[in-house]
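The values are calculated or read from the model by the stated rules, or taken from the named source; none is laboratory data. Everything quoted here is computed from the prediction, not taken from an experiment. We place every Cβ from the backbone using ideal geometry, glycine too, and count neighbours over all the protein chains shown. Quick note on the areas: whole protein, heavy atoms, side chains included, nothing else; ligands and nucleic acids left out. Shrake-Rupley method; radii C 1.70, N 1.55, O 1.52, S 1.80 Å.
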Amino acid sequence: MYDEALSSFFRNVDTRSGDNGPDIYKGKICSLKARALLIDMEEGVVNEILQGPLRDVFDSKQLITDVSGSGNNWAVGHKIYGCQYRENIVEKLRKTAEHCDCLQCFFIIHSMGGGTGSGLGTFVLNLLEEEFPEVYRFVTSVYPSGEDDVITSPYNSVLAMKELNEHADCVLPIENESLLEIVNKIHQMINCGKLGSTVKQNSLVTSSAGIAKTLQAKPFDAMNNIVANLLLNLTSSARFEGSLNMDLNEISMNLVPFPRLHYLVSSLTPLYTLADVNVPSRRLDQMFSDAFSRDHQLIQADPKHSLYLACALLVRGNVQVSDLRRNIERLKPSLHFVSWNQEGWKTGLCSVPPVGHSHSLLALANNTCVKPTFIELKDRFMKLYKKKAHLHHYLQIDGMEQSCFSEAISSLSDLIEEYNELDATKGGPRIDPSRLKIAV
């Protein structure tokens, strides 16, 4: 049956009168169409989707592709394709928005290393701010590894970072290295014969064919599945009932104290585990401990030894408020919060667990541990920029000037300095607020 949970991500279309049939808001599922716009300047990836098992889920009229791609060049994606496809993108965005009863936010999922993801992706972000200024913009950005095969990825990433700093409400940075490490850990469990107790036999993480060996050759499906689980947990309160639901706008309101410091480190637990229905209390507590460990972060970071500005815990399943409070009190002594926000916790409880699990936890931390990722990106950028290497490929694009690079690296440097200033306050005396004394 078509219900509110499905309607968050999908339209129910009556296709008996053609692809543009009317939406059906309640009752039997006719044809589900994702509330999504797919954009890629290389048609190969989109064509692969259209030929795969999910081909009927995406509306063929909500696709924008080109042939040649952006050539790993931010300027081509942002300046050329952005201008060329602007009207088409706006038209399709408006069409998608018109089918929404209560438009709460946009999710932008893009990569940072290539030309289309970094350039056209951030161009779309700017368009959303212009066309829908009151709607929140959540961005899931996949950062390249230090050993990626795109030489110009540092340029593309830093140019994109400037746009994220200025136009996004929240950014959930994800690193390919972290995703690959998580997938490899699961692969090791499979090789050790722990699959039955740790990983679901038919999970997507073991590849669509269910063959563990496929992970070595093509881990991208498994890596994408982790990101999909992040978004599913993030939106669970908007789709299901819960004793302590959390709207998406509450995340930005509570976790972003300063406009530019809107980068949230995410961690998921359990990672593709098959949990029992009756989970002992210690395993529930372990889930909270895991969320703050390095192994469960979706970027290469250690939040436990860095400074927290705020933290959100989004729990799904049969978990009580008392369980939440007990674990927060248990973990608080080992976590460093800024002095002016010692109680900076936001919590959400959704009663419906993920399929195959008894409960799960998504932690979102506004934490200075993202700083090393930005510093490494800056260092990689400067190695190329000092030699002006590959710069001519960008400067030959109309509207692209060398000042774009200096402004971008300045924006990133300023962001790093803001995190430095916060880190400088770490370790200072913790001042408890004075309490009223009652005279007897």
Here the qualifying pairs (Cβ atoms under 6 Å; residues six or more apart or on different chains; first in segment 159-177 and part of a helix (DSSP H, G or I); second of a type in the set (Phe, Trp, Tyr)) come out as Leu159/Trp74
Would you call Ala209 in a helix (DSSP H, G or I), open to solvent by 30 Å² or more (accessible area, probe 1.4 Å), modelled with pLDDT under 90 and of a type in the set (A, V, I, L, M)? no
Can you tell me which residue is farthest from Gly348 (Cα to Cα) among those in segment 218-263 that are among the hydrophobic types (A, V, I, L, M, F, W, C) and modelled with pLDDT under 85? Phe220
Hits in segment 387-405 - residues which are among the charged types (D, E, K, R) and touching a residue at least 40 places away in the same chain (Cβ under 8 Å): Asp398
Hey, Lys437 hits all of (1) modelled with pLDDT under 95; (2) open to solvent by less than 100 Å² (accessible area, probe 1.4 Å) but one; which does it fall short on? (2)
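Name the residue that is least open to solvent (accessible area, probe 1.4 Å), counting only residues in segment 116-146 that are of a type in the set (Phe, Trp, Tyr) and in contact with a Ser or Thr (Cβ under 7 Å, 6 or more places away or on another chain).
If we take residues in segment 116-146 being of a type in the set (Phe, Trp, Tyr) and in contact with a Ser or Thr (Cβ under 7 Å, 6 or more places away or on another chain), then Tyr143 is least open to solvent (accessible area, probe 1.4 Å).
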The residue that is nearest to the chain's Cα centre (by Cα), considering only those in segment 80-94 that are surrounded by fewer than 18 Cβ atoms within 10 Å (Cβ to Cβ) and not basic (Lys, Arg), is Val90
Considering every residue within segment 100-115, establish whether at least one is open to solvent by less than 40 Å² (accessible area, probe 1.4 Å) and polar (S, T, N, Q). no
When you go through (1) over 15 Å from Leu313 (Cβ atoms); (2) part of a helix (DSSP H, G or I); (3) open to solvent by 30 Å² or more (accessible area, probe 1.4 Å); (4) touching a residue at least 24 places away in the same chain (Cβ under 8 Å) one by one for Arg330, which number turns out not to apply? (1)
Only one of Arg283, Arg326 is assigned by the TED database to the domain that holds Leu231, at pLDDT below 90, farther than 21 Å from Ala228 by Cα and of a type in the set (Lys, Arg), namely Arg283
Checking the structure you have, find out if any residue of segment 365-372 is outside any loop (DSSP other than H, G, I, E, B) and of a type in the set (Gly, Ala, Ser). yes
If the requirement is being modelled with pLDDT of 90 or more, under 23 Å from Leu164 (Cα atoms) and open to solvent by 10 Å² or more (accessible area, probe 1.4 Å), which of these qualifies: Ser266, Ser289, Ser306, Ser293? Ser306
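Quickly run through segment 147-158 and pick out the residues that are open to solvent by 40 Å² or more (accessible area, probe 1.4 Å) and in contact (Cβ under 8 Å) with a residue 60 or more places away in the chain.
Answer for segment 147-158, where residues must be open to solvent by 40 Å² or more (accessible area, probe 1.4 Å) and in contact (Cβ under 8 Å) with a residue 60 or more places away in the chain: just Ile151.
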How many residues are within 25 Å of the chain's Cα centre (by Cα) and of a type in the set (D, E, K, R) if we restrict to segment 301-331? 3
Positions within segment 337-379 being of a type outside the set (Phe, Trp, Tyr) and more than 23 Å from the chain's Cα centre (by Cα), in sequence order: Val338, Ser339, Asn341, Gln342, Glu343, Ser358, Asp379
Out of everything in segment 355-365 that is surrounded by 19 or more Cβ atoms within 10 Å (Cβ to Cβ) and touching a Gly at 6+ places or on another chain (Cβ under 8 Å), what residue ends up being nearest to Leu232 (Cα to Cα)? Ser360
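Being surrounded by fewer than 18 Cβ atoms within 10 Å (Cβ to Cβ), of a type outside the set (Asp, Glu) and either within 30 Å of Thr152 (Cα to Cα) or touching a helix residue (DSSP H, G or I) at 6+ places or on another chain (Cβ under 6 Å) (or both), is that true of even one residue in segment 72-79?
No: segment 72-79 contains no residue that is surrounded by fewer than 18 Cβ atoms within 10 Å (Cβ to Cβ), of a type outside the set (Asp, Glu) and either within 30 Å of Thr152 (Cα to Cα) or touching a helix residue (DSSP H, G or I) at 6+ places or on another chain (Cβ under 6 Å) (or both).
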Could you identify the single residue in Asp56, Asp40 that is of a type outside the set (Val, Ile, Thr) and either assigned by the TED database to the domain that holds Ser237 or touching a helix residue (DSSP H, G or I) at 6+ places or on another chain (Cβ under 7 Å) (or both)? Asp40
Would you list the strands (runs of 3 or more DSSP E) that sit entirely within segment 6-115 and hold 1 or more residues that are modelled with pLDDT of 90 or more and of a type in the set (S, T, N, Q)? 63-65, 105-111
Which condition from (1) closer than 30 Å to Pro144 by Cβ; (2) in a loop (DSSP other than H, G, I, E, B); (3) modelled with pLDDT under 95 is the one that Asp398 breaks? (3)
Cross-chain or 6+ apart pairs with Cβ under 6 Å, segment 235-259 first and surrounded by fewer than 14 Cβ atoms within 10 Å (Cβ to Cβ), then in a loop (DSSP other than H, G, I, E, B): Glu241/Ser351
